[in-house]
Amino acid sequence: MKKTFQLAVEGKNPDRVLDAVKHEIRKYVQRERRRALPQGVDYWDFDCKFGPTQDGAQVVHFATLTSHINAIAQAGGTQFYIEILAKHGVRVPRPEGTKERVTSAAAAATYLDDED
């Protein structure tokens, strides 16, 4: 998805336009994630660019897109450019000697007590 979204649409409430834009982006991401994974690929990852214009777009992390959109809207911006491209993601095994991730609070308490 490579698109410039207008936030100031005449006759429409800016908050509703902002919500509609976020919804369209989420729909696109969900649609891409539903695609079948090629062999050897674990998940769909996304390369993202964001900026007020296409020329001024910078690489950003996918998880920060919503905060960037909110910042543009709060600053009074009338448009922004977003580029989201799906790419193959492959999980990398943890290196030897690293401790496993703790998933529950009870296990975390036990884990922390064992380290002392």
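For the reader, a short list of remarks on this structure follows.
- Approximate spin-label separation Gln74-Arg91, in nm, with each point projected 7 Å along Cα-to-Cβ: 3.5
- Of Lys49, Lys22, Lys99, the residue with the greatest mean-square motion in the GNM of the chain, using alpha carbon springs below 10 Å, is Lys99.
- The residue list Gly97, Asn13, Gln74 was ranked by how far each Cα lies along the charge dipole of the chain toward its positive end, using unit charges on Cβ atoms, and Asn13 comes out on top.
- Between the Cα long axis of helix 65-74 and the first principal axis of the chain there is an angle of about 40°, rounded to the nearest 10.
- The chain - mean residue ellipticity at 222 nm from DSSP helices (-39,500 (n - 2.57) per run, n ≥ 4, rounded to 500): -11500 deg cm²/dmol
- Compared with the alpha-carbon gap, the fully stretched path from Thr4 to Ala20 is longer by 4.4 nm at 0.36 nm per residue.
- Where labels lie 7 Å past Cα in the beta-carbon direction, separation of His61 and Lys27 in nm: 2.9
- Basic side chains Lys and Arg get +1 at the Cβ, acidic Asp and Glu get -1 at the Cβ, and with that the dipole of the chain about its Cα centre reaches some 780 debye.
- In the chain, the longest principal axis of the Cα atoms and the axis of helix 105-115 are about 50 degrees apart.
- Cα gyration tensor shape of the chain, rounded if a/c is under 1.5, else prolate or oblate by comparing a/b with b/c: prolate
- Rounded to the nearest 10 degrees, the angle from helix 14-34 to the longest Cα principal axis of the chain is 50 degrees.
- If you run the Gaussian network model on the chain, springs between alpha carbon atoms under 10 Å, then out of Gly11, Gly56, Gly77 the most flexible one is Gly11.
- Within the same chain, lysines fewer than 8 places from Lys87 are excluded, and of the rest, those with a Cα less than 25 Å from its Cα are Lys2, Lys3, Lys22, Lys27, Lys49.
- The stretch between Lys12 and Ala36 holds 4.9 nm of extra length on full extension. This uses 0.36 nm per residue minus the Cα-Cα distance.
No lab work stands behind these numbers, since they all come straight from the coordinates. Everything quoted here is computed from the prediction, not taken from an experiment. So basically every Cβ, Gly included, is an ideal-geometry build from the backbone, and we count neighbours across all protein chains shown.
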